[in-house]
Amino acid sequence: MPVFDFNHTPEAEKDPECTYTVFYSNKHEASLEDPILLLDNREGLLQHHSSGSFTNPVRGTAFEWKEEEGTKSVDILQIDARFISLLKWMGENHINVRLSGADTENGYAVYKIREIAFGGGSKLSAEDGFLQFMIERLLTSDAPSGEVPDEEEEETGDSMKLTSIQSITDFMTCAGRTLPDNIRLWARRNLAVAKSHEVSAEERRHAQRALSIMMNIQWKGNYFQAIDPKEARKILDEELYGMEQVKQRIIETIIQINRTHTLPAYGLLLVGPAGTGKSQIAYAVARILKLPWTTLDMSSINDPEQLTGSSRIYANAKPGIIMDAFSMAGESNLVFIINELDKAASGKGNGNPADVLLTLLDNLGFTDNYIECMIPTVGVYPIATANDKAQISAPLMSRFAVIELPDYAPEEKKVIFSQYALPKVLKRIGMEKEECTLTDDGLEAVIDLHRNTSGIRDLEQAAEHLAANALYRIEVEHVKSVVFDAGMVRTLLG
């Protein structure tokens with residue numbers, strides 16, 4: 001049964017007919033080649049930036065506008081399945097729009113729909129960029145799953161948040177089957193609670209807050225675009241000196257994603273001494289995957305409820321840290337960087353917080369006690385860091401591919417300090433590299449002073465100290481440059 005019936009009239013004793021066919025697209029941008037919809041413009045009535053409205057389905061027309069000689073209308077020929085519910089909503093609420101498009105061999109291709117003066121639109125959410133917000137969300141959504149009926153200056157809604165009952169209601173209507181089935185059904189139940197006068201004000205408040213959190217998250221599928229291995233290698237080289245085996249393992253993971261277009265079944269566990277760049281690697285992988293990232297510092301979590309949230313039966317109930325991470329990212333596909341997994345506390349008698357991560361890591365879905373809905377986790381990529389993997393439970397270890405990070409050799413530390421750490425500091429504070437240099441024995445002294453420290457964090461702090469001292473002498477003593485020899489280094493850093 002079609003969503004729109006453009007040819008039906010009350011007098012006609014015949015089955016409804018539909019003028020358009022549905023096509024399925026996962027393109028994240030609309031263009032003439034990949035439009036939102038195609039209109040029948042064989043009579044040449046439509047021009048670029050035509051203004052009008054998508055009429056109510058029972059009116060028997062698709063898009064209409066007024067001219068001096070009367071009302072004109074054209075039928076829809078094809079429509080992206082993601083936009084069926086949105087166009088129906090615009091028609092039912094008389095939302096006036098301006099179309100950007102052009103004639104193609106298949107019809108008039110519409111690639112932008114902009115809201116204009118509303119002229120009696122009754123919905124509050126038809127204001128403040130709601131339409132642009134919806135279009136952007138739908139373009140970044142996957143094509144609907146399940147059975148679908150056969151049927152210049154940019155405006156943006158990026159900053160819009162769905163908070164009011166009206167905006168949430170309209171969003172659910174327009175999003176249709178682009179929402180995962182379980183979340184769509186959950187939202188209907190919670191919307192009924194939020195609107196009900198048969199429950200307490202506290203229950204309505206919690207339901208509306210949960211809806212606002214869930215509807216402001218972009219629920220994406222598990223399909224990942226291919227990643228350029230050369231670009232991935234470039235990012236790794238920018239963030240990490242040496243460690244060729246580590247880089248190789250990460251590139252192997254990228255190749256696997258390119259072959260399957262899904263994330264690997266296992267996350268990464270980076271194990272090594274403090275300061276060896278574990279966090280830098282995690283951030284680099286997030287950049288490579290082009291995903292937002294969030295951090296969980298397990299050393300500061302001592303109660304599982306911090307991760308899982310609290311039940312709505314409590315007045316001060318709230319979501320947990322994991323749900324907050326989805327909310328802050330604004331989408332369901334993200335990198336979870338789990339710091340210091342080996343330092344997870346055993347809890348206060350309520351269980352081990354680290355064990356809560358098992359459901360997140362299994363990609364079977366995560367349930368927050370406040371939200372009370374199974375959250376899809378197929379787009380979550382976990383990267384954990386640890387100093388001592390012996391302190392991590394066997395169930396957790398089995399969810400990760402382990403990458404051991406060795407400490408740097410003295411010769412490697414020389415290169416890191418002279419070619420990475422010191423130049424980075426000089427650039428940040430606005431100094432030329434010639435203004436702060438070291439002699440060969442000065443560099444040897446820096447490395448010798450840190451021979452008993454692991455990683456490169458102390459070397460980075462040494463670079464900060466030397467650069468700050470050089471800048472002071474240039475500004476106060478009016479020297480042109482400072483060259484640190486071994487004696488100067490030992491006096492300053494020893």
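Taking segment 384-494 and the helices (runs of 4 or more DSSP H) fully enclosed by it, the elements with 3 or more residues that are under 26 Å from GLN280 (Cβ atoms) are at 410-416, 422-428, 440-449, 457-476. Residues in segment 445-461 that are more than 14 Å from PRO423 (Cβ to Cβ) and touching a His at 6+ places or on another chain (Cβ under 7 Å): ASP458 alone. Being under 30 Å from ALA187 (Cβ atoms) and not in a loop (DSSP other than H, G, I, E, B) holds for only one residue in ARG209, ARG233, ARG287, ARG249, and it is ARG209. Of the set (1) at pLDDT 90 or above; (2) touching a Gly at 6+ places or on another chain (Cβ under 7 Å), all apply to GLY455 but (1).
Would you confirm whether or not segment 459-467 contains a residue that is farther than 29 Å from MET243 by Cα and surrounded by 13 or more Cβ atoms within 10 Å (Cβ to Cβ)?
no
The values are calculated or read from the model by the stated rules, or taken from the named source; none is laboratory data. Because the structure is a prediction, the values reported are computed rather than measured. Reconstructed Cβ throughout: ideal geometry from the backbone, glycine too, with neighbour counts over all protein chains shown.
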